[in-house]
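Structure record follows, encoded as structure tokens.
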Amino acid sequence: MKREAPTSRAAWEQAYAQSESALRAADVERCADLPKLEEVRVRFLGRKGELTELLKALKNLSLDDRRTLGPLAQALKDSLDRQVSARRAELEDAYDAASLQKDAIDLTLPSLRPPRGRLHPLTTTLHEIACIFQFMGYSWEEGPFIEDERHNFSALNIPDDHPARDSHDTFYLQGLPLLLRTHTSTVQVRVMESSKPPLRVVCPGRVFRHEQIDATHSAVFHQVEGLVIDEGVGFADLKGHLQAFLQKLLGPSTQTRFRPSYFPFTEPSTEVDVKCFFCPGSGCPACKRTGWIEILGAGVVNPAVLSAVGYDPEKWSGFAFGIGVERVAMLLHGVQDLRDFYSNDLRFLAQFDEDLV
Ligand code: DAH
């Protein structure tokens, strides 16, 4: 309730005494919470608060009265100020402590493990193959997926009427003299066109063929092509390099077999088998009961290929090879169906966790 502003000393002293006892009753030092404390502060110290009004009302009194009563009112106001500040600090501290306790985090709890990505088994197999050759001094080269007939066929001595050019094997780009490369041998040609011999390169990458998809065939798969060109390089070097590679990939006791074969871009050509490491050698489904598993194609670079890129076949010679990445991955991991690699089934892919190390 609003008090009349006192105009006499007696009225002022009475109002002062009332405020003082009301203040004592309010018991600021034990005020329960911040809103209540603010209520008390406004009641006494606000713009129209009781003490504020008392101080203002001093102007109605005589100079003498002001001199004696003024300090009294000021002292009361100052002490209330101090009490309010002190109590506010206490209440705020208590509030902070309570909310800290309420929102406390147990830092010793183990965190949730975020799902971890891993490299695809085909990626790790491709890296494994290419890295062994890098260790043997080969550099890593890549080429485009979209190619022309020259790089995919003619520069590789694959004549126009060769069955590999049949549209059933090759994806052609409609209305353009372009195709999706059917093998990584295209990169051999590109590397030879753009650099001078001697050369020692591996060319890993994706290739495309119009294949009926089944457990051992896919329309998209991966190869690692290899090429070595130097003076006086021949079949013995090919054997040495590939034997060293296979022993690194499959173990030092791996036995190899070089069978005569035919590729237009190599002469002589060979297919390389390893002694079956599942049976071993006595015959099982993995080696089709032959005791041997075919692992790659290779050969001495045909002089026609060297001439096609402007290398002098009288001076330079070399060997090349092509390895199917899916085939190696299936053998290394005992995977029966090539399509598993492309199904993106995490239950299948999660098995290859250890490949990350
Ligand atoms: N380009 C062959 C293919 O895709 C693989 C190949 C065989 C590559 C013999 C070579 C090689 O470089 O010498 O089947």
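Just so you know, all these numbers are worked out from the coordinates, no wet-lab data involved. What you are looking at is a predicted structure, and each value in this text was computed from that prediction instead of being measured. Cβ coordinates were reconstructed from backbone atoms using ideal geometry, including for glycine residues, and neighbour counts include every protein chain displayed.
Within the same chain, lysines fewer than 8 places from K275 are excluded, and of the rest, those with a Cα less than 20 Å from its Cα are K239, K248, K288. The C-alpha atoms of the chain define a longest principal axis, and helix 235-250 lies at about 40 degrees to it. Were the residues from A215 through L34 laid out at 0.36 nm apart, the gain over their Cα-Cα distance would be 57.6 nm. The lysines whose alpha-carbon is closer than 24 Å to the alpha-carbon of K36, local same-chain residues fewer than 8 away aside, are K2, K48, K77, K102. For region 80-157, the set of chymotrypsin sites (Phe, Trp or Tyr not before Pro) satisfying both a DSSP loop assignment and a count of at most 16 other C-beta atoms within 10 Å is given as F145. Where in region 152-173 does the amide nitrogen come within less than 11 Å of the point 7 Å from the Cα of A304, taken along Cα to Cβ? Label zone hits: 154-162.
Quick check on region 121-356: of the DSSP beta bridges with both residues there, what percent are antiparallel, nearest 5%? Antiparallel bridges: around 95 percent, rounded to the nearest 5. A full extension of the chain between F235 and A75 corresponds to an added length of 46.6 nm, given 0.36 nm per residue minus the alpha carbon distance. For region 235-306, just say rounded, prolate or oblate: build the C-alpha gyration tensor, square-root its eigenvalues into a ≥ b ≥ c, call rounded for a/c under 1.5, and beyond that prolate if a/b exceeds b/c, oblate if not. Here region 235-306 falls in the oblate category.
Applying the Kirkwood pairwise sum to the alpha-carbon positions of region 1-93 produces a hydrodynamic radius of 13.7 angstrom. In straight-distance terms, cross-link reach from K315 covers every one of the aspartates and glutamates whose alpha-carbon lies under 15 Å from its own, apart from those fewer than eight places away in the same chain; here that gives D230, E231.
Based on alpha-carbon atoms, the Kirkwood radius and the radius of gyration of region 166-256 give Rg/Rh equal to 1.06.
Axis angle, to the nearest 10 degrees, between helix 185-194 and the longest C-alpha principal axis of the chain: 90 degrees. If the elastic network links every pair of Cα atoms under 10 Å, which of V325, V187, V84 fluctuates the most in the Gaussian network model of the chain? Of V325, V187, V84, the Gaussian network model singles out V84 as fluctuating most. With both labels modelled 7 Å from their Cα along Cα-to-Cβ, the I105 to S8 distance reads 6.9 nm. Across all Cα pairs in region 278-357, the calculated P(r) in 10 Å bins from zero up to the longest distance comes to 14, 29, 24, 19, 13, 1 percent per bin.
Computed over every Cα-Cα pair of the chain and binned at 10 Å starting from 0, the pair-distance distribution P(r) comes out as 5, 18, 19, 12, 4, 3, 3, 5, 7, 9, 9, 5, 1, 0 percent.
Isolated cysteines of the chain, defined as having no other cysteine beta carbon under 4.7 Å away, are C31, C131, C203. For the chain, modelled as a Gaussian network with Cα springs under 10 Å, which listed residue fluctuates most, S21, S195, S253? The residue that fluctuates most here is S21.
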